[in-house]
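Take a look at the structure set out below.
Values in this text are rule-based calculations from the coordinates and carry no lab data. These numbers were taken from a predicted model, which means no experiment stands behind them. With ideal geometry, Cβ positions are generated from the backbone for all residues, glycine too; neighbour counts draw on all protein chains shown.
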Amino acid sequence: MPEIRQNLVTREWVIISTDRAKRPDVYIESHKKTTSQLSPPHDERCPFCVGNEELDLEVARIPLIGDWQTRVVLNRYPALSPEGEVIRTMSGVVRKISGVGQHEVLVEHPIHNTTLSLMSVQDIARVLTMCYDRGWAIRKDIRIEQIIYFKNHGERAGASLKHPHSQIIGLPVVPHSIRRRIDEMRRFFDDTGQCVMCSMLDKELNERKRIVSESEHFVAFVLYAAPTPFHTWIVPRQHNVSYLYSSPQELNDLAGIVRDVLRRLYFGLNDPDYNLIIRTAPVKELSNDYMHWYATVVPRLSRTAGFELGSGMFINPALPEESAEYLRTVKI
Ligand SMILES: [Zn+2]
Ligand SMILES: [Zn+2]
């Protein structure tokens, strides 16, 4: 019989096909050309390639002198306007806020056809450090309430440009899905006196059925109630409310485990499209005992349909325990 499992952090239910689950290897994208097979190392039409830098948009680069290795530019077509005040309007059933915010693009590497899974730990650490630096810089803008750090890899994940890049968006509101997670974490803390994420981590480390990879400071595991195949969380072992409180040692260690998890996907499933998201506390709520930041890796192997839209529930045809075992045993 299928199992309906609940994710205690999101309170979302998911139907797991426990007895008719598809084998993990059916998800191998065998016909897909990988990122490095699809494009050349340099593309002169690419706005992120060396020689095409839009210097008027640049806000940060590493290193400051000489050839850049990672840089951040303002999005030429931002989702939100960088100028203007936050104006709230509430009248009857009409509610709106002026669309101000920050929208930055983090160009991860000078080479056009590489990808995080093929980069070195140092390359990824530089990207993560840049996210950290930009997070603190964007946080100074008092209009910003929430920063979203994310990466779209491949078309199914929403990437429109091939050059390896991530995005950072500063929002003037805390989005509902984040507020809901905070409410659930607080509810669990009020009920038990414990952080839900620390508790989940303890359970995963005791059972060891869904762990994909471990490092000194982080644990990566396929979610017990994974809504989609191979849906993985990377969680700091130490209770920590915000990504912005990570130490340089933790960021280096995170680079290693992010690389490890992404390489397991790259070599195990042939470079699947995926989203990588850092889920962290609202920038003005950096002090509490119940929030615990984490990173999510979501391979885009299945499509959502009417049932998901109609119910908000997912049907996961892959058994999380088998997905984790498969990723654990991939040769990287
Ligand atoms: Zn490029
Ligand atoms: Zn915790």
Quiz prompt | Shape call, the stretch 111-247: gyration tensor on alpha carbons, a/c limit 1.5 | solution = oblate
Quiz item: How compact and how long is the stretch 202-252, expressed as Rg and Dmax of its alpha-carbon atoms in Å?
Solution: 11.9, 32
Exercise. Could you check which residue among Thr129, Thr304, Thr280 shows the biggest mean-square fluctuation in a GNM of the chain with a 10 Å Cα cutoff?
Key: Thr304
Exercise. First measure r as the distance between the Cβ atoms of Leu64 and Asp202, then evaluate 1/(1 + (r/R0)^6) with R0 = 41 Å and state the FRET efficiency to the nearest 0.05.
Key: 0.45
Quiz prompt | Top of Arg180, Arg126, Arg303 by mean-square fluctuation, Gaussian network on the chain, Cα under 10 Å | solution = Arg303
Quiz item: Cross-link list Lys140/Lys162; Lys140/Lys284; Lys151/Lys331; Lys22/Lys203: which exceed 20 angstrom alpha carbon to alpha carbon?
Solution: Lys140/Lys162; Lys151/Lys331; Lys22/Lys203
Quiz item: At q = 0.11, 0.13, 0.22 Å⁻¹, what is the log10 ratio I(q)/I(0) for the stretch 1-134, with the Debye formula run over Cα points and no solvent?
Solution: -0.73, -0.88, -1.26
Quiz prompt | Pairwise centroid distance, computed over Cα atoms, of the stretch 50-124 with the stretch 283-332, Å | solution = 25
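Using the alpha carbon gyration tensor of the chain, what are the three equivalent-ellipsoid semi-axes (square root of 5 times each eigenvalue), largest first, in whole Å? Intermediate values should be presented prior to the final figure.
Working: eigenvalues 178, 142, 79 Å².
Largest first, the chain gives 30, 27, 20 Å.
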Quiz prompt | Spatial separation of Cα centroids for the stretch 228-276 and the stretch 159-209, in angstrom | solution = 13
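With 16 Å as the cut-off, how large is the P(r) tail for the stretch 228-332, expressed as percent of Cα-Cα pairs?
Numbers: 3552 of 5460 pairs.
For the stretch 228-332, the share of Cα pairs beyond 16 Å comes to 65 percent.
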Self-check item: Label-point separation in nm, Val50 to Ser311, each point 7 Å along Cα→Cβ
Solution: 5.2
Exercise. Among His31, His165, His239, determine the one that fluctuates most according to a GNM of the chain built with springs between C-alpha atoms less than 10 Å apart.
Key: His31
